[in-house]
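Visitor: Here it is: the structure, laid out below.
Here, each number is a calculation from the coordinates, and none is a lab measurement. Note that the coordinates shown come from a computational prediction; the quantities given were computed from them, not determined experimentally. Ideal geometry is used to build each Cβ from the backbone, glycine not excepted, and the neighbour counts take in all protein chains shown.
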Amino acid sequence: MDVISEFFSEYDGLGAFKTTIYLTLLSALLALLIGTVVAVMRVSPVRVLRSMGSAYVNIVRNTPLTLVIVFCNLGLFLQLGIQLADPNSPTSIDDNNFRLAVLGLSVYHAAFVAEAIRSGVNTVPLGQAEAARAIGLPFLKTLRYVVLPQAFRGAVAPLGNVLIALTKNSTVASVIGVTEASAVMKVMMENRPDVIFVVFGIFALGFVILTLPVGILFTSLSKRLAVKR
Amino acid sequence: MRQRIIAALGITVLAATGLTACGDETDAGGGTAGGDKLVVGIKYDQPGLGLKEGSNYTGMDVDVAKYVAKELGYEEGNVEFKESPSAQRESLLGNGQVKMIFATYSITDTRKEKVSFAGPYLVAGQDLLVKADNGDITGPEALNGKKLCSVTGSTSAQKVKDQFAKTVQLQEYDTYSKCVEALSSGAIDAVTTDNTILAGFAAQSANEGKFKVVGKTFSTERYGVGLKKGDTETCTKVNDALKKMVDSGEWQKAFDKNLGTAGLKLDPATNPPKTFDACA
């Protein structure tokens with residue numbers, strides 16, 4: 001099975017999966033931030049914020065991810081000239097593409113994170129929020145100290161789903177030239193059509209190794225953290 | 001209720017088998033008797049070589065395929081074109097979904113382990129596409145510190161980096177048209193792949209006069225006709241047809257029509273090809 005040793009020596013397959021992991025983790029963090037803000041907007045008492053929140057979710061969630069990522073490169077970078085890396089550095093193309101991909105992935109998945117958190121908010125009984133208001137907490141403090149801590153614990157399982165989807169969706173970044181796992185897979189398939197299924201199998205296995213533990217972890221977390229009512 | 005579910009399942013199964021039956025009808029076909037269909041794999045997205053515009057197919061690959069099909073005894077109406085993206089070419093041939101492939105398919109030893117090749121019907125080479133007013137990129141050596149574009153999965157850009165210009169930066173997109181877009185906006189300095197493909201893009205009406213092919217090839221790509229492994233019978237026939245096409249001048253006509261307008265100059269020692277590989 002020389003193709004397996006080629007995976008490590010010639011094609012830097014591990015480096016590619018490392019890029020996939022970085023892409024996933026950075027995008028997950030950013031998506032969690034944006035998504036929380038959007039979710040708060042969607043449950044806020046201000047109507048303008050609520051409609052802005054649902055507009056964001058509906059527009060972004062219904063746009064194909066490939067389109068979002070390609071727009072980040074062709075639209076933001078090529079047409080509008082927005083650079084996320086120093087254009088004179090010797091690795092500007094790679095850095096810029098990577099950061100644009102993180103931006104695209106997090107903006108896209110923020111919509112799903114927001115919906116996951118909103119579903120968590122819905123698990124918190126109305127009485128909790130009413131009690132918080134009754135002791136005089138304003139809206140943001142009600143969220144911060146009463147609703148959101150319980151909402152996140154209820155939203156662990158759907159957030160895990162989003163993280164798994166994000167891991168696999170990060171392969172779309174290859175369309176703008178980020179050398180993550182699927183890009184290296186395409187190179188290997190081009191060069192070794194004789195063992196195309198082995199190549200495919202290696203990368204499929206790689207993704208299973210990345211996503212399966214995440215799924216198990218989030219399932220057990222969701223059981224452990226669930227608010228017993 | 002249960003009966004209904006069983007009936008629904010049954011219909012699904014029937015529908016599925018019906019679909020596969022349809023698939024059999026468009027099978028690549030073998031004989032040359034009238035009414036038989038020939039399914040040919042081409043690229044749909046390469047101007048000048050294989051391009052689908054509406055229901056029309058144009059390009060050098062398409063014209064050569066049509067000529068060969070005619071020589072093999074298929075009427076023009078019985079030739080069906082099917083898209084064959086690079087990664088799927090071997091399996092499309094292997095499972096018989098297409099009979100032959102004309103899709104900038106370079107003959108290489110690793111590919112020969114999976115498929116057989118007739119041809120070559122054209123010998124291209126890797127080259128660079130730059131803006132028409134660019135004077136400082138004269139060849140792959142001049143790319144140090146520049147930005148070079150190619151498609152994901154192709155080895156052409158990596159080759160430039162390894163062999164000619166160590167400090168070149170590579171941008172990869174999923175299609176060449178995005179590379180050309182980036183080149184026209186100035187975000188990258190050059191696009192690299194086979195000179196035939198580059199010339200096809202340069203000659204598109206939207207890009208006319210904007211780009212030029214540098215014209216200094218640094219590899220040899222021998223475009224073959226992909227066939228199912230071991231199909232020596234078809235291979236011999238295709239080679240005969242190609243020879244006839246070259247001898248009769250039809251090859252030159254097809255070339256002038258599709259790629260000649262782009263000012264592409266192929267190596268006259270190897271084009272049009274006069275000798276073909278032995279069928280094995």
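Visitor: Would you mind calculating the gained length between A:Ala165 and A:Ala85 on full extension (0.36 nm times residue separation, minus the Cα-Cα distance), in nm to one decimal? Numbers along the way, then the final one.
Guide: Values: separation 80, 0.36 × 80 = 28.80 nm, distance 2.72 nm.
Answer, rounded to one decimal: 26.1 nm.
Visitor: Is it possible to state the helix-based mean residue ellipticity at 222 nm for chain A, with each DSSP H run of 4+ residues giving -39500 (n - 2.57), the sum divided by total residues, to the nearest 500 deg cm²/dmol? What is it? Write out the running numbers ahead of the final one.
Guide: Details: 11 runs with 167 residues, N = 229.
Taking each H run of at least 4 residues, the total per residue is -24000 deg cm²/dmol.
Visitor: Go ahead and estimate [θ] at 222 nm for chain B from helices alone: -39,500 (n - 2.57) per DSSP H run with n ≥ 4, summed, over the residue count, rounded to 500.
Guide: Working: 9 runs with 98 residues, N = 280.
-10500 deg cm²/dmol, from helical runs alone.
Visitor: Separate question: Roughly how far apart, in whole Å, are the Cα centres of the stretch B:128-172 and the stretch A:130-145?
Guide: Comparing the Cα centres of the stretch B:128-172 and the stretch A:130-145, I get a distance of 60 Å.
Visitor: Sketch the reach of a paramagnetic label on B:Asn95 as a point 7 Å from Cα along Cα-to-Cβ, and name the residues of the stretch A:192-211 whose backbone nitrogen lies under 13 Å away.
Guide: From the stretch A:192-211, the list is A:197.
Visitor: Now a separate question. Using a Förster radius of 51 Å, what is the FRET efficiency between B:Ser184 and B:Ala278 based on their Cβ-Cβ separation? Nearest 0.05, please.
Guide: On the way: r = 44 Å, r/R0 = 0.86.
So the FRET efficiency works out to roughly 0.70.
Visitor: Then there's this: Describe numerically, in nm with one decimal, the distance between label points set 7 Å from Cα along Cα→Cβ at B:Ser177 and at A:Leu25.
Guide: 3.8
Visitor: Could I ask something else about it? Once a ≥ b ≥ c are taken as the square roots of the eigenvalues of the Cα gyration tensor of the stretch B:137-280, is the result rounded (a/c under 1.5), prolate (a/b larger than b/c) or oblate (a/b not larger than b/c)? Mind dumping the intermediate values first?
Guide: On the way: a/c = 2.27, a/b = 1.70, b/c = 1.33.
Prolate is the answer for the stretch B:137-280, as a/c is 1.5 or above and a/b outweighs b/c.
Visitor: What net charge do the residues around B:Thr193 carry, taking every other residue with its C-beta under 11 Å from that of B:Thr193, with Lys and Arg at +1 and Asp and Glu at -1?
Guide: On the way: positive: B:Lys159; negative: B:Asp127, B:Asp194, B:Glu221.
For residues surrounding B:Thr193, the net value is -2.
Visitor: Also: I need to check one value: relative contact order of the stretch A:2-225, counting alpha carbon pairs closer than 8 Å and at least 6 residues apart, in percent.
Guide: Numbers: 244 pairs, mean separation 62.6, N = 224.
Reported as a whole number, the value is 28 percent.
Visitor: I would also like to ask the following. Give me a comma-separated list of calculated 3J(HN,Hα) values for the stretch A:172-180, in order, Karplus coefficients 6.51, -1.76, 1.60 applied at θ = phi - 60°, integers in Hz, x for any Gly or Pro.
Guide: After applying 6.51 cos²θ - 1.76 cosθ + 1.60, I find 5, 4, 5, 5, 9, x, 7, 7, 8 Hz.
Visitor: Taking amide hydrogens as modeled 1.01 Å from N in the peptide plane, which residues meet the under 5 Å criterion relative to B:Asp189, leaving out close sequence neighbours?
Guide: B:Lys147, B:Leu148
Visitor: Multiplying the sequence separation of B:Glu76 and B:Thr261 by 0.36 nm and subtracting their Cα-Cα distance, what value in nm do you get? Numbers along the way, then the final one.
Guide: Working: separation 185, 0.36 × 185 = 66.60 nm, distance 2.57 nm.
Here the answer is 64.0 nm.
Visitor: Tell me, what ³J(HN,Hα) does each residue in the stretch A:54-61 have, in order and in whole Hz, if you take phi through Karplus 6.51 cos²θ - 1.76 cosθ + 1.60 with θ = phi - 60° and put x for Gly and Pro?
Guide: Using θ = phi - 60°, the values come out as 6, 4, 4, 4, 5, 5, 5, 5 Hz.
Visitor: Further question on the same structure: On average, how much area does the Cα convex hull of the stretch B:78-130 cover when viewed from any direction, in nm²?
Guide: Numbers: hull surface 20.3 nm².
Convex hull of Cα atoms, orientation-averaged projection: 5.1 nm².
Visitor: Here's another thing I want to ask about it. Defining a contact as two alpha carbons under 8 Å apart and six or more residues distant in sequence, what relative contact order in percent does chain B show?
Guide: Numbers: 513 pairs, mean separation 67.2, N = 280.
In percent, rounded to a whole number, it is 24.
Visitor: Taking a ≥ b ≥ c as the square roots of the eigenvalues of the Cα gyration tensor of the protein assembly as shown, is the shape rounded (a/c under 1.5), prolate (a/b larger than b/c) or oblate?
Guide: Working: a/c = 2.46, a/b = 1.68, b/c = 1.46.
It comes out prolate by the Cα gyration axes.
Visitor: First obtain the Kirkwood hydrodynamic radius of chain B from its Cα pairs, then insert it into the Stokes-Einstein equation at 20 °C and 1.002 mPa s, and state the resulting D in µm² per second as a whole number. Mind dumping the intermediate values first?
Guide: Values: Rh = 20.2 Å.
My calculation gives 106 µm²/s for D.
Visitor: For the stretch A:2-225, what mean projected area does the convex hull of the alpha carbons give, in nm²? Spell out each step's value before the answer.
Guide: Values: hull surface 60.0 nm².
For the Cα atoms of the stretch A:2-225, the hull's average projected area reads 15.0 nm².
Visitor: Helix A:181-191: angle to the longest alpha-carbon principal axis of chain A, degrees 0 to 90, nearest 10?
Guide: 20
Visitor: Using label points projected 7 Å from each Cα along Cα→Cβ, tell me how many nm separate B:Ala206 and A:Ile135, to one decimal.
Guide: Rounded to a tenth, the inter-label distance reads 6.2 nm.
Visitor: Are any of the pairs B:Lys228/B:Lys253; B:Lys178/B:Lys210; B:Lys43/B:Lys178; B:Lys216/B:Lys244 more than 26 Å apart by Cα-Cα distance, and if so, which? Can you show the working numbers first?
Guide: Numbers: B:Lys228/B:Lys253 29 Å; B:Lys178/B:Lys210 15 Å; B:Lys43/B:Lys178 17 Å; B:Lys216/B:Lys244 30 Å.
Over 26 Å apart, Cα to Cα: B:Lys228/B:Lys253; B:Lys216/B:Lys244.
Visitor: How high is the FRET efficiency from A:Arg224 to B:Glu83, r the C-beta distance, R0 51 Å, rounded to 0.05? Write down the numbers at each step before the final one.
Guide: On the way: r = 50 Å, r/R0 = 0.98.
It comes out at approximately 0.50.
Visitor: Pull up all non-local amide H partners of B:Glu221: gap of 5 or more, or a different chain, and H-to-H distance under 5 Å with H placed in the peptide plane.
Guide: B:Ala124, B:Gly125, B:Gln126
Visitor: Using the count of nearby Cβ atoms within 10 Å as a rough guide to exposure, how do A:Leu30, A:Leu163 rank from fewest to most?
Guide: A:Leu30, A:Leu163
Visitor: Under a GNM of chain B (C-alpha, springs under 10 Å), which listed residue has the highest mean-square fluctuation: B:Arg89, B:Arg111, B:Arg222?
Guide: Its mean-square fluctuation being the largest, the pick is B:Arg111.
Visitor: Based only on the alpha carbon positions, what is the Kirkwood hydrodynamic radius of the stretch A:93-209, in angstrom?
Guide: For the stretch A:93-209, inverting the mean 1/r across all distinct Cα pairs yields 17.2 Å.
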